Amino acid sequence: MSARAARVRTGAPRRWLAAGGAVLLIVASWLVAFVTPTEAERDAPFVTNMTIGERATGRNLSATIDAVRLSYAVHTDTWAAEGPTLWVIIELSAEAVRDDSGALLAGTTLRVGDRTYRASERPESLRRQGLSTGIATSGVLAFELPEAATDGYGVLDLSLADDPRVDSVLRLDIDLAALDVESDIELAPTAWGR
């Protein structure tokens, strides 16, 4: 066997090995691109779904939604509001789980369709209320919505930050159209322990 024939025979397996390696690199790069999260996925909060009456816990926030109510008029001992908008009242208790330093219920939003509403600052509520570790604080969140917004579904998000990216969010899906409209709701004062 000549030297030239030996080189041809040993060169063919090397070419197949190089082609196989190239295919393997292409498949590996496709796999990396497939499993790499998008920017929106990378920054998305960690969602814990809630149900009414059940305690839900995130990284440093635990809450129980007791009731969701709807009314044209709401009042406290010192404040009142009446129509033409509707008030969505969330009765809940919340507490910090690990550390109460800086634990405020700051992220309180209700998303209906493509619009997001923040909890009202007008009545006394749990909005921006400081939370203690292991001691539940009970009260309400009040959202003022146009009447047409209550014909569908809403999504309540609770978090410790206004911007909950890469943190936990407690989420409750609400069928607003299924709620009965009450004539007047007295808002419970914010109180410790429950």
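The values are calculated or read from the model by the stated rules, or taken from the named source; none is laboratory data. On a predicted model such as this, the values are computed, not experimentally measured, just so you know. Cβ sites come from the backbone with ideal geometry, for glycine too, and all protein chains shown count toward neighbours. All accessible areas refer to the heavy atoms of the entire protein, side chains included, with ligands and DNA or RNA removed. Shrake-Rupley method; radii C 1.70, N 1.55, O 1.52, S 1.80 Å.
A few notes on this one:
- Per residue solvent-accessible surface (Å²) - the chain, probe of 1.4 Å: 59
- Across region 53-177, C-alpha contacts under 8 Å between residues 6 or more apart give a mean separation that, scaled by the residue count, equals a relative contact order of 27 percent.
- Just the protein heavy atoms count here, and of the accessible area of the chain at 1.4 Å, carbon and sulfur take up 55 percent.
- Candidates N60, A18, W30 compared by Cα position along the dipole of the chain: farthest toward the positive end lies A18, with charges placed on Cβ.
- Computed from Cα atoms, the angle from the helix 3-35 axis to the main principal axis of the chain rounds to 0 degrees.
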